[in-house]
1. Taking the Cα centre of chain A as origin, work out the dipole magnitude from +1 charges on Lys and Arg Cβ and -1 charges on Asp and Glu Cβ, in debye rounded to 20.
2. What is the sum of charges around A:I535, taking Lys and Arg as +1, Asp and Glu as -1, for the other residues whose C-beta is under 10 Å from the C-beta of A:I535?
3. Assuming 0.36 nm per residue, please report the length gained on full extension of the stretch A:S205 to A:K50 beyond their Cα-Cα distance.
4. About the Cα centre of the stretch A:483-610, how large is the charge dipole given +1 on each Lys and Arg Cβ and -1 on each Asp and Glu Cβ? Please answer in debye to the nearest 20.
5. Where does helix A:513-522 land angle-wise versus the long Cα axis of chain A, in degrees 0 to 90, nearest 10?
6. Evaluate the relative contact order of the stretch A:103-239 (contact order divided by residue number), counting alpha-carbon pairs under 8 angstrom at least 6 apart; express in whole percent.
7. Assign one of three labels to the stretch A:214-281, namely rounded, prolate or oblate, based on the Cα gyration tensor with a ≥ b ≥ c the square roots of its eigenvalues; rounded applies when a/c is under 1.5, prolate when it is not and a/b is larger than b/c, and oblate otherwise.
8. Residue separation times 0.36 nm, minus the C-alpha to C-alpha distance between A:D527 and A:T289: what's the value?
Amino acid sequence: MSVQPQANPSMSAASGAAVRLKDRFDIHYDKPLPGLRSPSAAAFVAEDVKTPGSRHFAMICDPKMPPRLEAIRKLQLLKSYGVLTPVEVGAVDWAPANRRMFAIVCEQPLGERLAGPTDNAITPWGEEALVAHIVAPIVQTLLDLDREILPHRGIRPGNIFFRDANRRVAMLGDCMTSPPGLYQSVVYETIEGALAQSHTRGAGSPAQDLYALGVLVLHLLFGKLPCAGQTEEKIVEEKIKRGSFYTLVSEQRVPAGLSELLRGLLVDDPQARWRLGDIQMWLDGRRMTIKQPVPAIRAPRGFEIAGEECETARHLALALDMQEPEVASRMIRGPNFETWITRTLGDKQVVEAINMAFSTRSESAGGAAGQNAQMVSRVLMALDPPAPIRFRDAATAVDGIGSLLAVTMLNAGDLMLPTEILQARLPQFWCQRQGSTKGEDQATIRFFDKMLRFLDDKRPGYGIERVAYEMTPGLHCLSPIIESRYVEQMRDMLPAIEFAVQAKTVDVSPVDRHIAAFMAVYENNVDEGLLYTLISSDPAARVLGTLQLLAYLQETYGPPQVPALIQLFGQQAKPVIERFRSRYTRTRMQTGLTAILKESSLRKLADYLDSADEQRKDAQRFQRARLEYQQTIKQMEKAVQQTQELNASAKMAGHSVAVKIASLISSAIVGVTLFAMGVL
Amino acid sequence: MARPPARAATMKGAAAKGKAAPAAGQGRPGTPAAKSSKNATLMLAIVVLLVLALFERPVCMLLVFALVPTMLAWLVDNTSGQSLIRTVAPLNLASVLPFAMKLWHEHNSLDQVFAFMSGSTTWVALYGAAAFGWLLYYLAPAVITSVLERRIEKLRDAATERQKALKDEWGDDVEK
């Protein structure tokens, strides 16, 4: 098999049609396991090379979906038998796709799946067996997950296995390979979850798992999916109008023994919904009282939208969301709306919230239409605070914005929508509307304020890319240069870049905005100043900044040899060497470069090209040379001046010399005469 | 007392080494100081000659004949510090000295003076020395000019060479 070991030092080659993960598991891509596959991850046999005969399988995640890294980490710590738990995770070279992909190795469940992934019709379960084999084990698992504050968000028949071959103990299936709740049908989702887009439902809370458990009980009890045959929109509308319990149970008769449980789990108000402790007590045989949820305020006269009479604020929000933003905006600004809200509905909290929605303004790239859409979104939040943020075509839970951004990026979608949601501060408005007494909302507001600062900063290491990596922990680096190398941790970054350079995928700068943002998130020690140099107008500064960043990676994580990158920087060294003013220094640097390139060390190359001592000396010598040049100019000016004054000065000097010579000769004549005459 | 000329005072280098600057008290040509100095020399010469005419008539006569070149120098000398006089006069006077000594020691008479004058050797000796002074006066500046010209040329060539070398190493930026 071809695994390109030069770019993947952490992985050793396995034999046959297999790839080895972290020196422990051989994943056989010629041995698929259709029975264990998830909607976003194909399953294959995985052999533990240290423990032959063990039953493991690997899920190979769809690279277009970000895995739930937080869930993976928590499940690895938890080691619960009641849920599919990762034994080993990591990226592997996946030959069939000719790229690297994220693999999650788990133990194979001994039992089968409760139902096929697409089976809506199931053989009905008896009340006793359902509680004993399904509800009780799942509640125990949810208790384990609750300790780690980890909602599963994938409770449905197609994602439940049995721990034993006799189908006596149910266990939860995969909750790691895709965003939370992605493959849940709207029937299994609370109203809030059902209103959101499937990939932006967010992790939510354990209360959503309990709701799904209630739907599961109904599903297994009657042997068919509740509300089967109805459209998703209709189901959601019915849940809002009639409540989930009545919508899902419909005309069917619920056994008295389960009625209490189902009423407790299918309450739409999360505060009134049963908690795990309540179910435990119910399982222990205690008779529980059903908390009556506070009914929504109903208007005596409905607000009509498209022939639909909306009696509650939540229903009105749903109906407005069905309209085009411009139409909804006109309705909201119309006099009927205000009258209905203030006089007919008469909910003071909603009135205050709508006033706040009208008074909040944000800049929009979309101009007046954009501001209208923002206003509509805020009014929807004012009418239905727990519902997801609904803005234009997006409907996202506040903790699902990361998934929205990641999935949009992974599928090359339009980033304007998530960008505008953040810029309009819609998540902050949503948090303000929750009225929580805990500090969670304030922390979330601060987090989104920080994301907005990152978004508005256009320097490398910031921008929408930084926001995506900050908000989606499992998201691998999406740089077009290295996306196929699935870099999800810093140690894989340099080998991936080296691979890309070898493959000639990159021939200019091997660090782009995605790589810079990824490094800024996962590598705290990176000097931000280096990231800024990536957009410097000076080509030498750009090359040196890139080189210093990669040298840091090589020093910290290896690998020791990166020949392709070294050659690339060798080719790009010209502007760096040209920075030296002295021609002799440039020649010397160019000559010495060959020897440095042979060492294949980015650090040595960076130190060589970016030597502060050498630059200082060059600058000092240049200053001296300039002074010297100025002196030579003065010297030449002086020579010209001397030439001009030469006749006059030479005449004076000549006459002076003549006087002296005459004096000397005269003295000699006098002396000789006196001597000759005998006077001396 | 006149101040040294400003131009001469700033002279440095080769020209200054030649001590071209006039000494204190030596005025520039045509200046009142130069004229008074020249007049003072004339007065001194006339006084000396008058004294000699009273007590040493032959010597006085000899000097009148012998110092004609010096007198000519006095007439034509318009230089600062009377360089021509100071060049010609010492040589002229020194050439008279042997004849004057001979007069004093042997026949101190006008006849002897005329006897000296009748011999061509006397004229060659007296006027040759003076002529040498004139020659010296006119040749020395030419020689000095030539020497200084060569020295300036060498300095200019050295500066040009250095500029070329600096531009070769540092490029045109070194000019800025």
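Just so it is clear, none of the values below were taken in a lab; they were calculated from the coordinates. Because the structure is predicted, anything quoted here is derived from the model rather than measured. Cβ placement follows ideal geometry from the backbone for every residue including glycine, while neighbour counts extend to all protein chains displayed.
1. Dipole magnitude for chain A comes out near 1940 debye.
2. +4
3. 52.0 nm is the gain from fully extending A:S205 to A:K50.
4. Numbers: 14 positive and 15 negative charges, 146 e Å.
Charge dipole of the stretch A:483-610: 700 debye, to the nearest 20.
5. The helix A:513-522 is inclined about 70 degrees to chain A.
6. With pairs under 8 Å counted, the relative contact order is 30 percent.
7. oblate
8. 79.8 nm
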